[in-house]
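Single-structure report; data block below.
The values are calculated or read from the model by the stated rules, or taken from the named source; none is laboratory data. Worth saying up front: this structure is predicted, and the values here are computed from it rather than measured. Note that we place each Cβ from the backbone using ideal geometry, even for glycine, and neighbour counts take in every protein chain shown.
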Amino acid sequence: MKFFFTSLAFILFFSACADKTAFSRFEMSKEQELAASSLQSSKIVSEEGVDGVFSVIYLNAIYPDMVNKYETFYISLYLKKDKENFVIKLNGKMPLEMEKLPHENKFSHLASTENEWNSYYLISFEKDSQDSKQLSLVLESGRSSSVALMYQKD
């Protein structure tokens, strides 16, 4: 009987908090919640140390109807030097299109990292013909590179 009441108390205690999420304390739109879940960052490193920061939001998870033709990412990039000489690859393939965006753009509300020393890009890749469920995004700049940022397709 003692075990029954202890178990019942634990069940009631933990089920009372079940409707709360990490976002329930913040005023965020559904898109901002999805972006916060999708946001990944990596340091860009070389033998000399850290050369920058690479942050990515997978837009297909947020706007599936708008970007369903391609694999599309919103990128925030800070490089200490050689700001124009970098390559971003998805599963080892080059992008179809890469558009540099102004600091204030239609996706800047998704991430709270809007500042003047970052560069922002909208980058699109062809969908994999093998329909791979795993996406691996890497930035390379000279002898520097990021770790692979991994995304799961729905």
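Among the residues examined, GLU84 does not qualify as at pLDDT below 85 and in contact with a His (Cβ under 9 Å, 6 or more places away or on another chain).
Let's see how each residue does on (1) in contact with a Ser or Thr (Cβ under 9 Å, 6 or more places away or on another chain); (2) β-branched (Val, Ile, Thr); (3) under 21 Å from LYS81 (Cα atoms); (4) not in a loop (DSSP other than H, G, I, E, B):
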| residue | (1), (2), (3), (4) |
| --- | --- |
| MET98 | yes, no, yes, yes |
| ASN105 | no, no, no, no |
| SER112 | no, no, no, no |
| GLU116 | no, no, yes, no |
| TYR120 | yes, no, yes, yes |
| SER124 | yes, no, no, yes |
| SER132 | no, no, no, no |
| LEU135 | no, no, no, yes |
| GLU140 | yes, no, yes, yes |
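Consider only pairs whose beta carbons are under 6 Å apart and that are at least six residues apart or on different chains; among these, list those whose first residue lies in region 27-52 and is farther than 17 Å from PHE86 by Cα and whose second residue is surrounded by 13 or more Cβ atoms within 10 Å (Cβ to Cβ) and among the β-branched types (Val, Ile, Thr). Listed pairs, sorted by first residue: GLU31/ILE62; LEU34/ILE62; ALA35/ILE57; ALA35/ILE62; SER38/ILE57; LEU39/ILE57; GLN40/VAL56.
The residues of region 51-81 that are surrounded by fewer than 12 Cβ atoms within 10 Å (Cβ to Cβ) and either at pLDDT 90 or above or in contact with a helix residue (DSSP H, G or I) (Cβ under 9 Å, 6 or more places away or on another chain) (or both), listed by number, are MET66, ASN68.
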